[in-house]
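Note sheet for the following structure.
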Amino acid sequence: MSGAASTDLVSCDVVVIGGGAAGLHVSLCAADLGASVVLVSRKPLAESSSFWAKGGLAAALAPDDTPARHAHDTIDAGRGLCRAGAVEALVQEAPGAVAALRERGVEFDLEPDGSLALGLEGGHSARRIVHAGGAQTGSVITARLAGLAAEHPGIDVMEGASALALAGPEGVCAGVITDRGAVGAPATVLASGGGAALWKRTTNPWGAIGAGSVMANAAGAELADLELCQFHPTALWLPGKPQDGALITEAVRGEGATLLDAAGRRFTDELAPRDQVSAAIGARMEADGTDSVWLDLREIDPQRFANVFATCRESGLDPLSEPVPVAPAAHYLIGGVATDLEGRTTLSGLYAVGECACTGLHGANRLASNSLSECFVFGRRAAQAAARAGAQEAQADDPGWRFQPPAVETRDAVWRYAGPNRDAAGLQKLAEDPYELARAIARSALARRESRGAHRRADFPNRDPALDGVHLLQGRDGDPREARWE
């Protein structure tokens, strides 16, 4: 069927792939501009990765905070690899994104005087984390936006539909092939989530395997910075239990939770950026000969973080009486589909937002809670660009290719060979894996012959100043190339 024209199930102005925070926001913004939107979601809208986000949105809203200060913290955490234009866009527009969400009816947590309650997280020099429902920000926002999308007359929601391939002639994206038929549109927006569940030990839902990146690359879009996956420092260490890998939000450390070694002693700055804290935990586990360290929550108000304490108790832990075991886990794939600051990819007609995209904002290490802010800042920009895409000209041709998920063995291999510490020998083995994205991660990690941020090479333990600002891009040929983004 390769090259054959598909019979469209639906034709629209904008088709959005993914029902998480980014996809919902893009759909609403595009529909508000008058575009007809089809939202394709593999799961019910309330089951996306965004739903489980426990942090919040980072925005300079406090009287003693400024966008410049937020930019400084973002760039500092990004270890010399942040895209300056993306940082500027985020810090300037994040306060407006928070205001827009409040106008849509999202109820953020407030102080007794009615002002926004602002939390503190690692790497931030000021309280600037806006949250909802304590540590349930993702579920509160996603639930509200899902309700609005379901009611919007300009949005047709296709729940339970899986994207299988991007459609269109060579060099153009003209829609998507799903297991319920084809959707043709002049603008296709990937908001399919990240790929951190490609690592065996992960905080992510099992379906976060980078499907959007694989489909985009198969259609001709370039991918960027795939060697960069952030490992969250504090995921529960409970091998064999369902709660193994459950995220303990960074916000608890902002409120005073401490990390302890095997002897019960503090050993690191809990509010340092994530790469630094994860590295410190890894070093302490190696020195102590343990598989985990301890997170002391005994001084934390359980009402403030009700879902965190509930998760611990469900696993048989009592965080009010003793510290809980934690260790790093794959949390956020910084790399993804390369885009400009309006969400445009290198494939005509295709846009990408959220964790599946790589704008260069996060550099080599994402600053906590910048990811949800990114969804709404760059989601609005992408929606505006997509809504202006014009009339459908290219036909939604079926490429014949279909996305196939990775085997369990691939997840094991990615964790083993591209985990918190890598070397050439392991990465070369991973480069032979059957799954396309695993091979691409290995190629990028081999090409970055240094340690920087979330990427740590045992055989190249130092940062190379010559690679400051250098991003690694891959096309369908699989050969990483260097690029510098403004």
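The values are calculated or read from the model by the stated rules, or taken from the named source; none is laboratory data. Just so it is clear, the structure is predicted and the values come from calculations on it, not from any experiment. As a convention, Cβ positions derive from the backbone with ideal geometry for all residues, glycine included, and neighbour counts pool all protein chains shown. The accessibility values were calculated without ligands, DNA or RNA, using every heavy atom of the protein model including side chains. Shrake-Rupley method; radii C 1.70, N 1.55, O 1.52, S 1.80 Å.
Miscellaneous remarks
- Considering residues of segment 112-148 that are free of Cβ contacts under 8 Å to residues at least 60 places away in the same chain and polar (S, T, N, Q) only, the residue farthest from ALA251 (Cα to Cα): SER115
- Contact map, segment 38-62: first residue at pLDDT 95 or above, second residue of a type in the set (Val, Ile, Thr) and in a loop (DSSP other than H, G, I, E, B), Cβ cut-off under 8 Å, separation 6 or more or different chains; pairs are ALA60/THR66.
- Here is the figure for segment 143-187: residues that are in contact with a Phe, Trp or Tyr (Cβ under 7 Å, 6 or more places away or on another chain), open to solvent by less than 10 Å² (accessible area, probe 1.4 Å) and either more than 20 Å from GLY379 (Cα to Cα) or among the β-branched types (Val, Ile, Thr) (or both) total 1.
- For segment 318-353, the set of residues classified as open to solvent by 40 Å² or more (accessible area, probe 1.4 Å) and touching a strand residue (DSSP E or B) at 6+ places or on another chain (Cβ under 7 Å) consists of ARG344, THR346, SER348, listed by residue number.
- Applying a threshold of 8 Å to beta carbon distances and a minimum spacing of six or more residues, or different chains, the list of pairs starting in segment 178-204 at a residue that is in a loop (DSSP other than H, G, I, E, B) and ending at one that is acidic (Asp, Glu) and surrounded by fewer than 24 Cβ atoms within 10 Å (Cβ to Cβ) reads ALA185/ASP13; PRO186/ASP13; PRO186/GLU393; LYS200/ASP412; ARG201/ASP244.
- Of the set (1) touching a residue at least 24 places away in the same chain (Cβ under 8 Å); (2) surrounded by fewer than 22 Cβ atoms within 10 Å (Cβ to Cβ), all apply to ASN370 but (2).
- Residue count for segment 74-106, restricted to those that are closer than 12 Å to ALA58 by Cβ, out of contact with any Lys or Arg (no Cβ under 9 Å at 6 or more places or on another chain) and open to solvent by 10 Å² or more (accessible area, probe 1.4 Å): 1
- Residue satisfying all of: in segment 414-432; more than 21 Å from the chain's Cα centre (by Cα) and small (Gly, Ala, Ser); nearest to ALA458 (Cα to Cα) among these: ALA424
- Where CYS312 falls short, out of the listed (1) within 19 Å of ALA251 (Cβ to Cβ); (2) under 20 Å from the mean Cα position of the chain (by Cα): (2)
- Helices (runs of 4 or more DSSP H) enclosed by segment 234-317 - at least 3 residues per element that are farther than 20 Å from GLY119 by Cα and open to solvent by 30 Å² or more (accessible area, probe 1.4 Å): 274-288, 306-314
- Residue list for segment 275-286, restricted to those being of a type in the set (A, V, I, L, M, F, W, C) and either in contact with a Leu (Cβ under 7 Å, 6 or more places away or on another chain) or in contact (Cβ under 8 Å) with a residue 12 or more places away in the chain (or both): VAL277, ALA279, ALA280, ILE281, MET285
- Qualifying positions in segment 206-231 - at pLDDT below 95 and within 12 Å of the chain's Cα centre (by Cα): ALA208
- Any hit, segment 442-464, residues being among the basic types (Lys, Arg) and modelled with pLDDT under 95: no
- Selection count, segment 335-366, where residues are of a type in the set (Gly, Ala, Ser) and in contact with a Pro (Cβ under 9 Å, 6 or more places away or on another chain): 1
- The residue list GLY80, GLY105 contains one member that is at positive phi, more than 22 Å from the chain's Cα centre (by Cα) and outside any helix (DSSP H, G or I), which is GLY105.
- Tabulated pairs, segment 400-412, first farther than 14 Å from LEU437 by Cα, second of a type in the set (A, V, I, L, M) and at pLDDT below 95, C-beta under 9 angstrom, 6+ apart or interchain: GLY400/MET1; GLY400/ALA4
- Checked against (1) among the β-branched types (Val, Ile, Thr); (2) out of contact with any strand residue (DSSP E or B) (no Cβ under 9 Å at 6 or more places or on another chain); (3) surrounded by 17 or more Cβ atoms within 10 Å (Cβ to Cβ); (4) under 28 Å from ARG452 (Cα atoms), VAL140 meets all criteria but (4).
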